[in-house]
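This report concerns only the one structure given below.
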Amino acid sequence: MKLSLWPALPLAINCLSQMAYAESYQGFVEDSSLVLTNRNFYFYRNNLNNPGGQNYRNEWAHGLMLDYRSGYTQGTVGFGIDAYAQQGLKLDSGKGQTGTGLLPVDSDGRPEDEYSEAGGALKARISRTELKYGNLTPFNPVFGTGNARLFTSVANGFQLTSNELKALQLDLGHFTSGNDNNSTNFDGALKALYAGVETRSVDYLGGSYAVSDQLSLSLYGSQFMDIWRQYYANANFTYALTPNQSLNLDFNIYRTNDAGQSLAGKIDNTTWSMSAAYKVGAHRVTLAYQRVDGDEPFDYLGFDQQPGTSIFLANSIQVLDFNAPNERSWQLRYDLDMAPFGVPGLSFMSRYVNGDHIDDSQYSGGPNGAYGRYGSDGKRWERDIDVRYVVQSGQARDLSVRVRQASVRSTAQVARADTTDNNEVRVIVEYPLNIF
């Protein structure tokens, strides 16, 4: 049975029009905003065991992003528009240094000097329900666009979100194409990232419910046409031990099965993670465990070249997702907020994740598949260090500087970007300016 959202849309909109009520919205112009963001991104990765391949990647780019959000017209049904324009500029890179995803590459393997695009979306509001159509950036556990590079990936289609009940948020969407964060091609493919195969459309439906101030639940389902049906559930609970101490428990689980023409091969995968975070004052310590049950990797949304962010698992971190077939992994993480020590805006994070028990010898995802590289007893680990400072006041308020370092070691038999032993550094400077 095919998962289809469209028969429910007319009924949902009709019901919402019956329950619409006055909100404190000012108008199309009065509620408008325009933000100019400058983002400077340096990315260096040194591949350590890649004989005959590219030994290092080194790119430096600057991005300018202009983001306009209108308010809504007055009336039971309000209308508005969102629009954006962005330009990426090469500051440093060259042939043989590309591959970080910051810059597009020409047919000769050289990075482009600049790239730019503009887009937007139409939107309508009834009460506390919004329907948008156009170039969108949804973010949820089964369909999330990525922003880990210079710009955010864009998906093209419809999205309906509703907050009619204070504690309940509903989200549904239908998307047919996408655009990488380093591309200007709006007709790019939506893919199963690790299988490397394209889908013609993606439908999803889900939401989250705040049971109380301490407990929240989420449930989502999606269909990547002719690839898979995927379901997700989450429970998150925070318990205050004292005014200065708290314990957070988080559980995520995905269930994925092949569907339609099964373009990514047979899929029978259950992947889950659980974490416990203890916070006392400025300190937080997190322990997490993650498990993949299936002979194929846990897979999720990708675009032409880059991944999305629809992987809400504890051990999906800076470089690795720890989502290989049959992999089990654990994490130790430490966070420090320097505000109590007299430096508000400064934070520090360090974590270590170790994965083992990888067995991808039975993976049958086809020639584009990302696995079939570890054999029957694969192992790997990743260590991350992250320091971030956000200016708290003055002319440079909200200016942020972030330094991210990562090291990866693995027993992969075939080297590729996400499995080869490597060390990397990312430096990101961002300054948002509210024009109005």
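Computed from the coordinates by the stated procedures, all read-outs in this text should not be read as laboratory data. Since we're looking at a predicted model, the values are computed, not measured. Here the Cβ is made from the backbone with ideal geometry for all residues, glycine too, and neighbour counts use every protein chain on show.
Structure values in brief
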{"quantity": "Estimated dipole of the range 8-434 in Debye, rounded to 20 [Cβ of Lys and Arg +1, of Asp and Glu -1, Cα centre]", "calculated": "760 debye"}
{"quantity": "Label-point gap, in nm, between Val343 and Leu215 - each point 7 angstrom along Cα→Cβ", "calculated": "4.0 nm"}
{"quantity": "Least to most buried among Ser350, Ser208 (fewest other Cβ within 10 Å first)", "calculated": "Ser350, Ser208"}
{"quantity": "Ranked Leu336, Leu172, criterion: other C-beta atoms within 10 Å, fewest first", "calculated": "Leu336, Leu172"}
{"quantity": "Length gained when the stretch Ala167-Ser246 is fully extended (0.36 nm per residue, less Cα-Cα span)", "calculated": "26.2 nm"}
{"quantity": "Cβ-placed point charges (K, R +1; D, E -1), dipole of the range 149-220 about Cα centre in debye, nearest 20", "calculated": "100 debye"}
{"quantity": "Gaussian network model of the chain, Cα within-10 Å springs - most flexible of Gln26, Gln74, Gln395", "calculated": "Gln395"}
{"quantity": "Mean Cβ count within 10 Å, highest first, over the residues of peptides 217-228, 106-117", "calculated": "217-228, 106-117"}
{"quantity": "Distance in nm between pseudo-label sites at Tyr431 and Phe186 (7 Å out along the Cβ direction from Cα)", "calculated": "3.1 nm"}
{"quantity": "FRET E, pair Val35, Ser361, Förster distance 41 Å, beta-carbon r, rounded to 0.05", "calculated": "0.25"}
{"quantity": "Residue of Asn244, Asn55, Asn40 that the Gaussian network model of the chain assigns the largest fluctuation, springs spanning Cα pairs under 10 Å", "calculated": "Asn244"}
{"quantity": "Farthest toward positive dipole pole in the range 8-434 [+1 Lys/Arg, -1 Asp/Glu at C-beta], among Tyr278, Gly109, Ala148", "calculated": "Tyr278"}
{"quantity": "Which of Val142, Val403 has the fewest Cβ neighbours within 10 Å, and the rest in rising order", "calculated": "Val403, Val142"}
{"quantity": "Charge dipole of the chain about the Cα centre (unit charges at C-beta), most positive-ward option of Met338, Leu168, Tyr363", "calculated": "Met338"}
{"quantity": "Entries of Lys95/Lys132; Lys132/Lys191; Lys191/Lys379; Lys90/Lys132; Lys132/Lys166 with Cα pairs more than 29 Å apart", "calculated": "Lys95/Lys132; Lys90/Lys132"}
{"quantity": "The chain: relative contact order as a whole-number percent, Cα under 8 Å and 6+ apart", "calculated": "13 percent"}
{"quantity": "Approximate spin-label separation Ala235-Ser350, in nm, with each point projected 7 Å along Cα-to-Cβ", "calculated": "3.4 nm"}
{"quantity": "Top of Gln331, Gln305, Gln392 by mean-square fluctuation, Gaussian network on the chain, Cα under 10 Å", "calculated": "Gln392"}
{"quantity": "log10 of Debye I(q)/I(0), alpha-carbon scatterers only, for the chain at 0.07 Å⁻¹", "calculated": "-0.37"}
